[in-house]
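To keep things clear, I will list the structure first and then write my remarks on it.
The values are calculated or read from the model by the stated rules, or taken from the named source; none is laboratory data. Keep in mind that this is a model prediction, so the values were computed, not measured. Note: ideal-geometry Cβ built from the backbone for every residue, glycine included; neighbour counts use all protein chains shown.
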Amino acid sequence: MRSYGQYCALAKALDVVGDRWTLLIIRELLLRGPSRYTDLRNGLPGIATNLLADRLRELERAEIVAREDAPPPVASTLFRLTPRGEGLRPVLDELGRWGVPYMTEGPAPRDEFRSRWLAWPAEAFLVDGEPAQPPVAIEVRAGDDEPMVIETRAGSVESHPGRAGHPDAVLTGTPHAILGLLSGRFDLARARALGLEYEGDPRVLRRFRHGAPADTAKAAAGTSASR
């Protein structure tokens, strides 16, 4: 691992997590939880096998990632984030929010996609419009083999990979159409014109209202307080 050789907190952090692919490995472990090597490789299209192994060893030496044996009957090693690694969650949350505007024009022709990657924009930009009502869940199917669930929980919006047991609605379509709908750039009619399919009561979708990102809300609050 190369060092910037600077006595600066940011430089020291980048010495550890600034290499190519490192933050995306941490992204996968944050979204998946403890994962097999093959799970990580499948979630990181384009990474060379030897490079993934090197990055995992570096993260282990930095005590960001640890190995553990999977419980029976699975005979496999799992990689998980340590508490130090979990401490990177707010860093990736903010970086994900910052990066959402770069997704509004849709993916490039060769861009890979996994449904679980929608977790950051979903949780960053959606709020529960009726927190006093019973929770609801939307299953999102964006073209890969693993759908994602977006649900209200105790007034907040959360997401996780997998299927909903009894979804209140199902969104099926391209990542661009789904992200446009969830971000508030498209209404349902526009998203449908782009090929999106919506199954369920439209009132369920209205529960997931487009809210200001956390940093924007804080800035607005600060501006109001100063007046």
If you check every pair at least six apart or on different chains, which have Cβ atoms under 8 Å apart with a residue in region 96-111 that is closer than 16 Å to residue 122 by Cβ and not assigned by TED's automatic domain parsing to the domain that holds residue 179 first and a residue that is of a type in the set (S, T, N, Q) and surrounded by 11 or more Cβ atoms within 10 Å (Cβ to Cβ) second? 100/183; 104/183
Filter result for residue 203 (modelled with pLDDT under 95, in a helix (DSSP H, G or I) and surrounded by fewer than 13 Cβ atoms within 10 Å (Cβ to Cβ)): yes
Tally, over region 32-55, of residues that are assigned to a helix (DSSP H, G or I) and in contact with a Gly (Cβ under 8 Å, 6 or more places away or on another chain): 1
Subset of region 206-227 (residues that are among the basic types (Lys, Arg) and either at pLDDT 90 or above or touching a strand residue (DSSP E or B) at 6+ places or on another chain (Cβ under 9 Å) (or both)): 207, 209
Could you list, in sequence order, the residues of region 42-77 that are modelled with pLDDT of 95 or more, touching a strand residue (DSSP E or B) at 6+ places or on another chain (Cβ under 8 Å) and surrounded by 17 or more Cβ atoms within 10 Å (Cβ to Cβ)? 56, 59, 64, 65
Looking at region 58-71, can you tell me whether even one residue there is free of Cβ contacts under 8 Å to residues at least 40 places away in the same chain, over 15 Å from residue 25 (Cβ atoms), assigned to a loop (DSSP other than H, G, I, E, B) and assigned by TED's automatic domain parsing to the domain that holds residue 17? yes
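Out of all the residues in region 104-140, which are in contact with a Phe, Trp or Tyr (Cβ under 9 Å, 6 or more places away or on another chain) and either buried (at least 20 other Cβ atoms within 10 Å of the Cβ) or of a type in the set (A, V, I, L, M) (or both)?
Selection gives 122, 126, 127, 128, 136, 138.
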